[in-house]
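Quick notes on the structure that follows.
The values are calculated or read from the model by the stated rules, or taken from the named source; none is laboratory data. Nothing here was measured: the structure is a model prediction, and the numbers come from that model. When we count neighbours, we look across all protein chains shown, and the Cβ atoms used for this are built from the backbone with ideal geometry, even at glycine.
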Amino acid sequence: MVRYHHLGNLWLTLATIGSLGFADPAAAQDAGRGLELMRASEKGNCSICHLVPGIGLPDEAQGNIGPSLEGVGARLTPAELRAQIVDARAMNPETIMPPYGSIKGLADVDKRYRGRPILTAGEVADIVAYLSSLR
Amino acid sequence: MKRLALAVAASLAAIAGSAPAQETPPVSGYQFLLPETQALQDDDFANPGMLWVELGGKLWDEPAGNGTSCQNCHGAPEAMRGVGTRYPQWSQTEGRVISLEQQVNQCRAERQQADPFGYSSQELVSLSALVMHQSRGLPMSVATDGPAASAYRRGKAYYETRRGQLNLACSNCHVDQVGSRLRGEPISQGQVNGFPIYRQLWQDMGSVGRMIAWCNDAVRAEPLAEGSQMAVELELYLRSLGNGLAIETPAVRR
């Protein structure tokens, strides 16, 4: 009984560490998942506006509203990339780029999406990992 | 794509040459189409939208409710030439701006004593296509002053307000990004001079209200129901942006 009890505690402790680890975006980075998230239309859908190297679409089937993301990992630090994705309004209040990690000031959001941003912090971290690899 | 961009630039330049240069002149969505889609629209025998115009022609002559038809009051559909240039317009009886579709339904309810058609029904979009088609080639000229002025202002405010999870206004795309590509799709001015349109993506004919709903869904905004007062007032604003553009109904779009 006592041994099981300890075991349970150990599991609980490990689980806590684990979930803390995942809550910290830096610890969860996965560039491959980042690319998937950039492709998914329910998530990043980034190529509607940007040329995204590696996304598997011909250039003319990708948007040209925003700058090409070719070599963006050499231009911007991970912190700058994260800031641009989370809320591009911080850098350019008039930006057309959606605020992927913020719901501040949003109006008239459909109820299927209300109250949460498009991407979680972990998802943004995955995308940052992918973008950082573009040099 | 280059060819398309050139065609758009050329037509913009052509129009800009003949108009005072301060404001961007209106350009039909037609100018942003691939040549093969333009050809489809131009050929009345191939244009799928003509099927709806034909169905509208049948409904025009069909007695309903108290046994009267559109034809009994208005004569041939050709008598409607010019009418489509004015809608949405202020209705004295309703005390608000109404769309052409709502005018058709008003005739059904008041004069034919028949049940109104659903806003997105095939019947209503067909009758609307028939009436708009009679004005093909005439310049759109909706009134935005007088009793329509407040509806126009509300439509304009809606058009310019960012909304939805993507935080985008209609104007962010259709004013600021005209000619850019959204994925593979060139962004036009969002003009409505060809509506109702046959949209290949829908494999169906749709009203301006349906297009508004589509764009709103894309930015994950609360839906604006077809035929709601706000949607009609937004349509008034959209039509006013294209005042002077020739009506193309039935237009074909991708």
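Taking the range A:71-97, which residues are of a type in the set (A, V, I, L, M, F, W, C) and farther than 13 Å from A:SER133 by Cβ?
Let us first name the residues in the range A:71-97 that are of a type in the set (A, V, I, L, M, F, W, C), namely A:72, A:74, A:76, A:79, A:81, A:83, A:85-86, A:88, A:90-91, A:96-97.
Listed by number, the residues that qualify are A:ALA79, A:ALA83, A:ILE85, A:VAL86, A:ALA88, A:ALA90, A:MET91, A:ILE96, A:MET97.
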Does B:THR85 satisfy the condition of being out of contact with any helix residue (DSSP H, G or I) (no Cβ under 7 Å at 6 or more places or on another chain), touching a residue at least 24 places away in the same chain (Cβ under 8 Å) and surrounded by 13 or more Cβ atoms within 10 Å (Cβ to Cβ)?
yes
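Mind checking which helices (runs of 4 or more DSSP H) fall wholly inside the range B:65-160 and carry at least 2 residues that are among the small types (Gly, Ala, Ser)? If you could, list the steps in order and put the result at the bottom.
On the way: elements: B:70-74, B:100-106, B:122-134, B:149-160.
Once the helices (runs of 4 or more DSSP H) in the range B:65-160 are filtered for at least 2 residues that are among the small types (Gly, Ala, Ser), what remains is B:122-134, B:149-160.
One line per residue, one yes/no per condition, for (1) more than 14 Å from chain A (Cβ to nearest Cβ); (2) touching a Gly at 6+ places or on another chain (Cβ under 7 Å):
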{"site": "B:GLY194", "(1), (2)": "yes, yes"}
{"site": "B:ARG199", "(1), (2)": "yes, yes"}
{"site": "B:SER207", "(1), (2)": "yes, no"}
{"site": "B:CYS215", "(1), (2)": "no, no"}
{"site": "B:ARG220", "(1), (2)": "no, yes"}
{"site": "B:LEU236", "(1), (2)": "yes, yes"}
{"site": "B:ALA251", "(1), (2)": "yes, yes"}
{"site": "B:ARG254", "(1), (2)": "no, no"}
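Which ones in the range B:18-31 are out of contact with any Asp or Glu (no Cβ under 9 Å at 6 or more places or on another chain) and buried (at least 17 other Cβ atoms within 10 Å of the Cβ)?
B:PRO25, B:PRO26, B:VAL27, B:GLN31
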Find all pairs meeting these conditions: Cβ atoms under 7 angstrom apart; at least six residues apart or on different chains; first residue within the range A:61-81 and within 18 Å of B:SER180 (Cβ to Cβ); second residue basic (Lys, Arg).
A:ALA61/B:ARG183; A:GLN62/B:ARG183; A:GLY63/B:ARG181; A:GLY63/B:ARG183; A:ASN64/B:ARG181
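Could you list, in sequence order, all residues of the range A:93-123 that are outside any loop (DSSP other than H, G, I, E, B) and facing chain B (nearest Cβ under 8 Å)?
Going residue by residue through the range A:93-123, those that are outside any loop (DSSP other than H, G, I, E, B) are A:109, A:121-123.
Of everything in the range A:93-123, just one residue is outside any loop (DSSP other than H, G, I, E, B) and facing chain B (nearest Cβ under 8 Å), namely A:VAL109.
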Filter the range B:155-190 down to the residues that are under 19 Å from B:GLY227 (Cα atoms) and away from chain A (no Cβ under 14 Å), then identify the one that is farthest from the chain's Cα centre (by Cα).
B:LYS156
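Hey, could you check the range B:32-64 for residues that are part of a loop (DSSP other than H, G, I, E, B) and touching a Ser or Thr at 6+ places or on another chain (Cβ under 7 Å) and say which is surrounded by the most Cβ atoms within 10 Å (Cβ to Cβ)? Walk me through how you get there before you give the answer.
Here is the first cut: in the range B:32-64, the ones part of a loop (DSSP other than H, G, I, E, B) are B:33-34, B:43-48, B:62-63.
Subset that is touching a Ser or Thr at 6+ places or on another chain (Cβ under 7 Å): B:62-63.
Details: B:GLU62: 11, B:PRO63: 13.
Within the range B:32-64, the match that is surrounded by the most Cβ atoms within 10 Å (Cβ to Cβ) is B:PRO63.
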Within the range B:215-254, residues in a loop (DSSP other than H, G, I, E, B) and more than 27 Å from A:CYS49 (Cα to Cα) come out as B:ALA225, B:GLU226, B:GLY227, B:SER228, B:ASN243, B:GLY244, B:LEU245, B:ILE247, B:GLU248, B:THR249, B:PRO250
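Pull up the range A:28-55, narrow it to residues that are part of a loop (DSSP other than H, G, I, E, B) and more than 13 Å from chain B (Cβ to nearest Cβ), then point me to the one that is surrounded by the fewest Cβ atoms within 10 Å (Cβ to Cβ). Quick ask: steps written out before the conclusion?
So in the range A:28-55, the residues part of a loop (DSSP other than H, G, I, E, B) come out as A:29-30, A:40-45, A:49-55.
Next cut, more than 13 Å from chain B (Cβ to nearest Cβ) only: A:29-30, A:40, A:53-54.
On the way: A:GLN29: 17, A:ASP30: 16, A:ALA40: 12, A:PRO53: 16, A:GLY54: 14.
Step by step, filter the range A:28-55, then rank; the result is A:ALA40.
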Looking at the range B:225-236, can you tell me whether even one residue there is on the phi < 0 side of the Ramachandran plot, crowded, with 21+ Cβ neighbours inside 10 Å and modelled with pLDDT under 95?
yes
Condition broken by A:LEU134, with the remaining ones in (1) within 14 Å of another protein chain (Cβ to nearest Cβ); (2) in contact with a helix residue (DSSP H, G or I) (Cβ under 9 Å, 6 or more places away or on another chain); (3) in contact (Cβ under 8 Å) with a residue 24 or more places away in the chain; (4) not in a helix (DSSP H, G or I) satisfied
(1)
